[in-house]
Amino acid sequence: NENANGIGAQTDYKIIGIEPGAGIMAQAKNSLTDYGLDDWKIVEGSSAAMVAELKKAIDNQKPIIVTGWSPHWMFQAFDLKYLDDPNNTFGGAEHINTIVRKGLEQDAPGAYTIFDQFSWNISDMEAVMVEVHKGMDPAEAAEKWVAANPDKVAEWTNGAQSGNGEPIKLVYVAWDTELASTNVIGTVLRQNGYDVTLSQVEVGPMFAGVANGSADAMVAAWLPSTHLEYYNTYKKDIVDLGPNLQGTKNGLVVPKYVEIDSIDDLK
Ligand code: PBE
């Protein structure tokens, strides 16, 4: 096995993955087929364990390959690079969509309007994520961002009638990106008269909950590639309100000192 710089032997042919249900795990498994990486495995774990392994490898200047995505604070904390993905297995630039249950528009029109108008950018999201990473409670970080960005929030609430304490149940997965977005939109809905609950679930149940009406909304659908299978499974039973954030990305990530540049180099 002669892959570039012996990277396979040095990493035991392991790519450090995250939660098994994550879309990036399906993409990573597809990359093994697409690039002919027969010797390699994707190791299941969690997002937190992946970052811990990455930090340990960097502390020891050892080679490591992980599943990674942007935005994520790890790109600020460590010197990292994406491996080129010439086959586009990881889908290139993506967006995150807001998805609500059928009937929400009739039951809570003001909340529906706010969901429909919710849109921000990567640096907004990162501002919240940085605070949470530094240890602030996500709800508090969201309130701080909302207080500091009245113009943006006014665009989301423009024309939305206030709620009368109607319950709104948001479902999300415990990724840093979704902790930020879900807490921010939850704060805005609360300030507009809704009784908001946030419920942390796995990816499949997140889509299923909005589809079967046990949840009202999610702001966490990475599309068109990452969550494509979930999206296709549930698309008849959900209302897709389109992107709330543009420019996310998934891939295989290594520390910059690892001397390969492309997924092809793992062969
Ligand atoms: N992620 C972050 C998710 C979506 C958000 C890339 C880890 C996933 O792979 O499903």
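The values are calculated or read from the model by the stated rules, or taken from the named source; none is laboratory data. Here the structure is a predicted model, which is why all the values come from computation and not from measurement. Note that each Cβ is placed from the backbone with ideal geometry, even for glycine, and that neighbours are counted across all protein chains shown. The area values use the complete protein model at the heavy-atom level, side chains included, leaving out ligands, DNA and RNA. Shrake-Rupley method; radii C 1.70, N 1.55, O 1.52, S 1.80 Å.
How far, in degrees from 0 to 90, does helix 122-133 lean away from the longest principal axis of the Cα atoms of the chain, to the nearest 10?
Orientation of helix 122-133: about 80 degrees from the principal axis.
Please identify the trypsin sites (Lys or Arg not before Pro) of the stretch 124-191 that satisfy two criteria: DSSP loop assignment and at most 13 other Cβ atoms within 10 Å. Which are they? Show your work: numbers first, answer last.
Working: sites: Lys134, Lys144, Lys152, Lys169, Arg190; in loops: Lys134.
Answer in residue order: Lys134.
What angle, in degrees between 0 and 90 and rounded to the nearest 10, separates the Cα long axis of helix 23-34 from the longest principal axis of the Cα atoms of the chain?
Helix 23-34 sits roughly 30 degrees off the main axis of the chain.
Mind pulling the angle between the C-alpha long axis of helix 47-59 and the longest principal axis of the chain? Nearest 10 degrees, somewhere in 0 to 90.
Taking the Cα atoms of the chain, the angle to 47-59 is about 40 degrees.
Could you report the chain's accessible area per residue, 1.4 Å probe, as an integer in Å²? Before the final figure, lay out each step's value.
Numbers: 11620 Å² over 267 residues.
Per residue, the chain has an accessible area of 44 Å².
To the nearest 0.05, how large is the calculated FRET efficiency for Ser123 and Glu53 if R₀ is 35 Å and r is the Cβ-Cβ distance? Don't jump to the answer; show the numbers that get you there.
On the way: r = 28 Å, r/R0 = 0.80.
With R0 = 35 Å, the Cβ-Cβ based efficiency is 0.80.
What do you reckon, how do Phe207, Phe78 stack up by accessible area (1.4 Å probe), largest on top?
Working: Phe207 0, Phe78 30 Å².
Of Phe207, Phe78, the descending order of accessible area is Phe78, Phe207.
Determine the relative contact order of the stretch 61-217: mean sequence separation of Cα pairs under 8 Å and six or more apart, normalised by residue count, in whole percent.
Numbers: 180 pairs, mean separation 42.3, N = 157.
27 percent.
Where does the charge balance sit around Pro243 when Lys and Arg score +1, Asp and Glu -1, over other residues with C-beta under 12 Å from its C-beta?
Working: positive: none; negative: Glu94, Asp116, Asp240.
In short, -3.
Quick one: which residues, 5+ away or cross-chain, put their amide H under 5 Å from the amide H of Ser199? H built at 1.01 Å from N.
Leu170, Val171, Tyr172
How many angstrom lie between the C-alpha centres of the stretch 152-229 and the stretch 19-75?
Going from one Cα centre to the other spans 27 Å.
Within the chain, what whole-number % of the accessible surface is contributed by carbon and sulfur, with the 1.4 Å probe and all protein chains included in the calculation? Please list the in-between numbers first.
Details: 5430 of 11620 Å².
It is 47 percent, rounded to a whole number.
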